[in-house]
1. Condition test on L164, is it open to solvent by less than 10 Å² (accessible area, probe 1.4 Å), under 18 Å from W39 (Cα atoms) and at pLDDT 95 or above?
2. Go through segment 124-153 and give me each residue that's in contact with a Gly (Cβ under 8 Å, 6 or more places away or on another chain) and acidic (D, E).
3. Looking at segment 83-94, which of its residues are open to solvent by less than 10 Å² (accessible area, probe 1.4 Å) and closer than 20 Å to Y136 by Cα?
4. Which residue pairs have Cβ atoms under 7 Å apart, sit 6 or more places apart or on different chains, and have a first residue in segment 112-123 that is closer than 14 Å to R100 by Cα and part of a helix (DSSP H, G or I) and a second that is open to solvent by 60 Å² or more (accessible area, probe 1.4 Å) and at pLDDT below 90?
5. Would you check if there is a residue in segment 95-109 being in contact (Cβ under 8 Å) with a residue 60 or more places away in the chain and surrounded by fewer than 21 Cβ atoms within 10 Å (Cβ to Cβ)?
Amino acid sequence: MAVSVPLRFVDGYRTAARVFTFNGLSDRGEHLAFGLGDWRASLQRAAVGGPPPLVRPHSECLTGDVFGSQRCDCGPQLREAVERIAQTGGFLLYLRQEGRGIGLYAKLDAYALQDGGLDTYEANLALGHGEDERDYTVAAEMLQTLGVAQITLLSNNPDKARQLERHGIQVTGAVATGVHVSDANARYLNTKVRRSGHTLDLPPLG
């Protein structure tokens, strides 16, 4: 099913999206795809050998996306991604895998451990979870359902490209998102670079 939804962000930016829902995804989750800009033309271009659509798989972050938490960069990344994809045509995949896949309550438990000195990955492990439990199988399934075989990936996370390629999506290029650093998330962002190779050009920690 697909429905048109006008979008307006708190800074006043407006655009429109074609929002797709899916039946039969392997995890049975309620994930959404937002077709932004001239997404139809982006598919047509790719079909004749042109540049593929710009795609961002974005993992749900209630605290960052909705409430503007400064402990992460999720909200600013989401806002940036919508505008950049709308400019070129493509898709934002909103994936219901909160807290790097461990869930909302566990993410907040991990925050408490981080306040005690652990980094974000160590905190997940201390709670009995993996460092990062996100699985992009459903992202590949969503793209295949939409007729997307090749993408330009909008992400700083190399694991997204590896997983999508493994599930049959050709990643022809990657575009980094901006660096949304603050006093509250600087340690978190530096940890992502150090522990999982995120492509972020960060200032040194003070």
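The values are calculated or read from the model by the stated rules, or taken from the named source; none is laboratory data. Please read these numbers as outputs of a predicted model, since none were measured by experiment. Methodologically, a virtual Cβ is constructed for each residue, glycine included, from the backbone with ideal geometry; neighbour enumeration extends over all protein chains shown. Areas reflect the complete protein model, heavy atoms only, side chains present, ligands, DNA and RNA absent. Shrake-Rupley method; radii C 1.70, N 1.55, O 1.52, S 1.80 Å.
1. Numbers: open to solvent by less than 10 Å² (accessible area, probe 1.4 Å): yes; under 18 Å from W39 (Cα atoms): no; at pLDDT 95 or above: yes.
When the stated conditions are applied, L164 does not pass them.
2. Residues satisfying the conditions are D132, E133, D135.
3. If the condition is that a residue be open to solvent by less than 10 Å² (accessible area, probe 1.4 Å) and closer than 20 Å to Y136 by Cα, then I85, G90, F91, L92, L93 are the ones that fit.
4. Y121/E131; Y121/R195
5. Yes: one or more hits.
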